[in-house]
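Structure record follows, encoded as structure tokens.
Nothing in this text is a laboratory measurement; each read-out follows from the coordinates by a stated rule. Note that the structure is a prediction, hence the values are computed from the model and not measured. Cβ placement follows ideal geometry from the backbone for every residue including glycine, while neighbour counts extend to all protein chains displayed.
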């Protein structure tokens with residue numbers, strides 16, 4: 001990294017705010033922009049599901065089961081005669097909701113525990129770190145699987161199980177960040193004017209540690225969605241008949257010999273979502289943390 | 001160094017005990033009476049009471065845990081509700097299949113991923129680099145079950161080149177599951193190797209080596225790779241542990257008779273002792289692999305100091 005390409009160095013001469021600077025950096029990143037476009041198209045299509053499709057995703061019509069794509073059913077119907085594209089759109093709603101809520105859960109718990117761990121140190125730090133160790137000492141899919149087996153099938157339980165997986169990475173990240181920020185002059189200044197510890201952590205230190213948290217959240221989102229879909233694929237995630245990408249893939253597997261095209265749709269949907277989220281995550285990392293560029 | 005290893009082993013032990021508590025607790029919070037489940041529907045009250053006593057279910061929960069630990073330390077993980085065979089025997093019978101799959105997969109992942117990463121770094125910002133990064137994007141973005149079904153669809157169902165299920169007698173059966181399981185790790189190893197090699201390429205000692213007039217091949221193999229591959233070794237080791245998680249889905253898709261497949265089928269049939277034993281074995285293996293990787297790392301990279 002000694003050969004610095006001067007055209008890539010951004011000098012803040014225009015008095016841009018950090019957010020404007022971030023936007024201009026992010027926009028120059030073509031893959032990231034492509035990721036945002038793919039993601040927005042998917043998101044809007046899923047949100048508009050009731051407008052775009054005249055069908056009910058759970059409405060069975062055995063007489064018209066396993067139909068090939070036609071003008072009425074653009075992607076055909078599944079083994080219970082349900083319209084596949086409708087289920088795909090509603091499934092996307094659910095997959096994205098599960099992903100966002102799970103990461104949100106992991107983020108809130110992880111950030112708070114990480115901040116406490118890093119700022120206070122001592123036995124509480126030790127305790128929180130062992131907790132993170134335990135969560136990290138399972139292969140992550142196994143942990144989600146075991147938790148769902150324990151809690152039972154259901155959307156809430158899937159969110160909880162997948163959310164727990166995200167906790168340790170946020171704990172580690174925020175702890176490290178807080179440890180380095182704690183020694184900064186502005187923290188000392190805040191202590192001098194008599195600010196309370198909680199205030200210092202949440203008002204001063206955490207906002208300054210947010211960049212890696214945002215990057216981690218965007219990368220974890222894709223992982224949460226695939227893990228949840230993996231549970232659905234095994235039939236251990238959401239209740240039967242709920243439209244969900246993983247479960248659709250699992251059901252389509254039974255027709256791999258006769259109606260193999262059915263596999264492709266949920267597979268492509270998952271793939272596009274994860275590609276988009278990965279591109280966005282990498283773009284965020286480059287724009288928020290230029291030091292890591294080219295890694 | 002020695003102190004570090006001892007500390008690392010102690011932490012692993014503590015983690016394992018915490019996990020055993022969690023798994024033990026898992027069985028107690030599940031709905032239904034384990035004694036009732038064991039005895040079957042036709043048992044009378046007397047039989048159930050006898051089983052309850054035999055399993056120590058009439059004792060306080062802390063005492064039950066100690067009995068459980070005592071049994072586990074003797075290698076007794078209980079009997080499967082379905083087959084009535086000892087859990088450990090069933091796991092032992094299926095473990096070689098999982099190990100075979102995991103070892104072949106990590107060889108594929110490292111054997112293709114490391115050279116691809118080195119190539120991408122040496123030819124950085126060319127079409128070679130771009131092609132490799134697009135391929136790794138596929139590997140990272142396709143979850144293992146989608147990769148597995150896609151490969152099965154193309155090579156087994158459409159082309160009839162390879163069998164789609166089972167372990168079989170020939171190595172043909174191993175190809176699809178192994179590639180499926182390897183794909184994610186391969187992509188990750190490629191990315192890590194590329195990043196690591198690129199970082200080392202910008203080091204002063206590489207410039208010195210070039211300035212001395214060494215041929216590029218010598219610079220890459222003798223100076224760059226030796227240093228760049230240190231972090232890669234860790235990633236490969238950690239990925240071997242992660243493959244255990246991926247094996248659960250891969251084995252289920254390809255009906256590969258390993259411990260991942262039996263875990264899922266035990267979950268379907270609510271065979272709790274089996275699930276408990278398998279989760280414990282999976283966690284113990286994962287901890288063991290990560291412990292070995294950490295200790296190896298300390299040996300490989302003498303620059304790192306541990307207190």
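Assorted remarks:
- Largest GNM mean-square fluctuation across A:48, A:96, A:105, computed for chain A with C-alpha springs under 10 Å, falls on A:48.
- Per residue of B:136-144, other chain Cβ atoms within 10 Å of the residue Cβ number 6 on average.
- Label-point separation, residue B:70 to residue A:17 (7 Å along Cα→Cβ), nm: 6.7
- Using the alpha carbons alone, the radius of gyration of segment A:111-164 stands to its Kirkwood radius in an Rg to Rh ratio of 1.10.
- Fewest-first ranking of A:174, B:206, B:157, using other Cβ atoms within 10 Å as the exposure measure: B:157, B:206, A:174
- Contact order relative to length of segment A:215-295, as percent, for alpha carbon pairs under 8 angstrom and 6 or more apart: 32
- Among B:182, B:156, B:120, residue whose mean-square fluctuation peaks in a GNM of chain B (springs only between Cα atoms under 10 Å): B:156
- Based on DSSP H segments of at least four residues, each scored -39500 (n - 2.57), chain A has a per-residue ellipticity at 222 nm of -22000 deg cm²/dmol.
- Burial ordering of B:270, B:191, B:54, A:172, fewest other beta-carbon atoms within 10 Å first: B:54, B:270, A:172, B:191
- Binned Cα-Cα distance frequencies in chain B - 10 Å width, integer %: 6, 21, 25, 22, 15, 7, 3, 1, 0
- Measuring r between the beta carbons of residue A:109 and residue B:215 and using R0 = 60 Å, the FRET efficiency lands at 0.65.
- Directionally averaged projected area (chain A, Cα convex hull): 20.1 nm².
- Each Cα pair under 8 Å and six or more residues apart adds its sequence gap; the mean of these over the residue count of chain A is a relative contact order of 24 percent.
- Both radii are taken from the alpha-carbon atoms of segment A:7-143; with Rh as the Kirkwood radius, Rg/Rh is 1.17.
- What the Cβ-Cβ distance of residue B:95 and residue A:48 gives, at R0 = 41 Å and to the nearest 0.05, is a FRET efficiency of 0.25.
- Cα pair distances in segment A:146-290, grouped into 5 Å bins until the bin that holds the longest one, percent each: 2, 9, 14, 14, 14, 12, 10, 8, 6, 5, 3, 2, 1, 0, 0
- Mean Cα-pair separation over length for chain B, i.e. relative contact order, pairs under 8 Å, 6 or more apart, %: 25
- Folded to 0 to 90 degrees: helix A:122-136 orientation relative to chain A principal axis, Cα: 30
- For segment B:91-199, alpha-carbon Rg relative to the globular expectation (2.2 N^0.38 Å, N residues): 1.19
- Rounded tilt (10° steps) of B:61-73 against the dominant C-alpha axis of chain B: 60
- Convex hull (Cα only) mean projected area of segment B:229-307, reported in nm² to one decimal: 6.5
- When the square roots of the Cα gyration tensor eigenvalues are ordered a ≥ b ≥ c, the ratio a/c for the protein assembly as shown is under 1.5, which makes its shape rounded.
- Order of A:53, B:185 under a 10 Å beta carbon neighbour criterion, fewest first: A:53, B:185
- Per residue, chain B reaches -24500 deg cm²/dmol at 222 nm when only DSSP H runs of four or more residues are counted, each adding -39500 (n - 2.57).
- Taking Cα atoms only, the orientation of helix B:225-253 departs from the longest principal axis of chain B by about 40 degrees.
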